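A.B. asks: Let me give you the structure first, and then I'll get to my questions.
The values are calculated or read from the model by the stated rules, or taken from the named source; none is laboratory data. Remember, predicted model here, so these are calculated numbers, not experimental data. As a convention, Cβ positions derive from the backbone with ideal geometry for all residues, glycine included, and neighbour counts pool all protein chains shown. Just the protein is used for accessible areas: all its heavy atoms, side chains included, with ligands, DNA and RNA removed. Shrake-Rupley method; radii C 1.70, N 1.55, O 1.52, S 1.80 Å.
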Amino acid sequence: MTTPVNPVLREMRWWDIDPVLELERDLFPEDAWSRGMFWSELAHSRGPEATRRYVVAEEDGRIVGYAGLAAAGELADVQTIAVARDHWGTGLGATLLTELLRAATAFECAEVMLECRIDNLRAQKLYERFGFEGIGFRRGYYQPGNVDALVMRLTDPSTSVRGTEING
């Protein structure tokens, strides 16, 4: 494991979209989100009717990770989570996921769902550490590469967050 980092987590704002897009295109070249997709998500992340929580991890003025969650009723969905390659293995992914699970708890969600590329074993292991379980597949979910997604579910995100505070 690489030396742990201490980036600052903060709410993602519109001025973060360009650096986030740069990281997005590096990490997900075939199925990167568009500027419009991030704008749309951020439009639902503020105010009393907010249904989204998006954060960035910033270190020395550079965005080294980001994550987003959408909530609807008792169900939350991890929309995206990404960590710069030079920060893999530092625990930043776990920190970002912990923040999303805190948000799901604040939104009073009983379950959290996500889709993960079937070939992204690093992410799957992270999610399993937090208690997510595979429940199915979405064939050809990631386009244009036609890569399948593993659908994962976590019941009671508040329990998972409490466990990670102790275990890291």
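A.B. asks: Quick check: anything in segment 30-47 in contact with a Pro (Cβ under 7 Å, 6 or more places away or on another chain), over 21 Å from PHE137 (Cα atoms) and surrounded by 13 or more Cβ atoms within 10 Å (Cβ to Cβ)?
C.D. replies: No, that holds for no residue.
A.B. asks: Moving to a separate point now. Got a sec? Which of VAL112, VAL161 is modelled with pLDDT under 95 and either in contact with an Asp or Glu (Cβ under 6 Å, 6 or more places away or on another chain) or surrounded by 14 or more Cβ atoms within 10 Å (Cβ to Cβ) (or both)?
C.D. replies: Checking each option against the conditions leaves just VAL161.
A.B. asks: MET1 fails exactly one of the following numbered conditions: (1) closer than 21 Å to GLY93 by Cβ; (2) modelled with pLDDT of 95 or more; (3) among the hydrophobic types (A, V, I, L, M, F, W, C); (4) over 16 Å from the mean Cα position of the chain (by Cα). What is the number of that condition?
C.D. replies: Single failed check for MET1: (2).
A.B. asks: Hey, another quick one. Quick test for you: out of ARG10, ARG53, pick the one residue that is of a type in the set (Lys, Arg), touching a Ser or Thr at 6+ places or on another chain (Cβ under 8 Å), touching a residue at least 40 places away in the same chain (Cβ under 8 Å) and open to solvent by less than 90 Å² (accessible area, probe 1.4 Å). Steps first, answer last, please.
C.D. replies: Details: ARG10 fails: touching a Ser or Thr at 6+ places or on another chain (Cβ under 8 Å).
Checking each option against the conditions leaves just ARG53.
Per-residue answers, yes or no, for (1) modelled with pLDDT under 95; (2) of a type in the set (Lys, Arg); (3) closer than 25 Å to CYS109 by Cβ; (4) within 13 Å of the chain's Cα centre (by Cα):
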{"position": "ASP26", "(1), (2), (3), (4)": "no, no, no, no"}
{"position": "PRO29", "(1), (2), (3), (4)": "yes, no, no, no"}
{"position": "GLY65", "(1), (2), (3), (4)": "no, no, yes, yes"}
{"position": "GLN79", "(1), (2), (3), (4)": "no, no, yes, yes"}
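A.B. asks: Which of the residues that make up segment 71-97 are of a type in the set (Asp, Glu) and over 23 Å from ASP156 (Cβ atoms)? Steps first, answer last, please.
C.D. replies: We begin by selecting, within segment 71-97, every residue of a type in the set (Asp, Glu); these are 74, 77, 86.
Once the filter is applied, which keeps residues that are of a type in the set (Asp, Glu) and over 23 Å from ASP156 (Cβ atoms), segment 71-97 yields only ASP86.
A.B. asks: Restricting the first residue to segment 13-26 and requiring it to be within 16 Å of VAL55 (Cβ to Cβ) and in a helix (DSSP H, G or I), which pairs with a second residue that is open to solvent by 50 Å² or more (accessible area, probe 1.4 Å) and hydrophobic (A, V, I, L, M, F, W, C) meet a Cβ separation below 7 Å and a spacing of at least six or different chains?
C.D. replies: So the pair list comes out as ILE17/TRP39.
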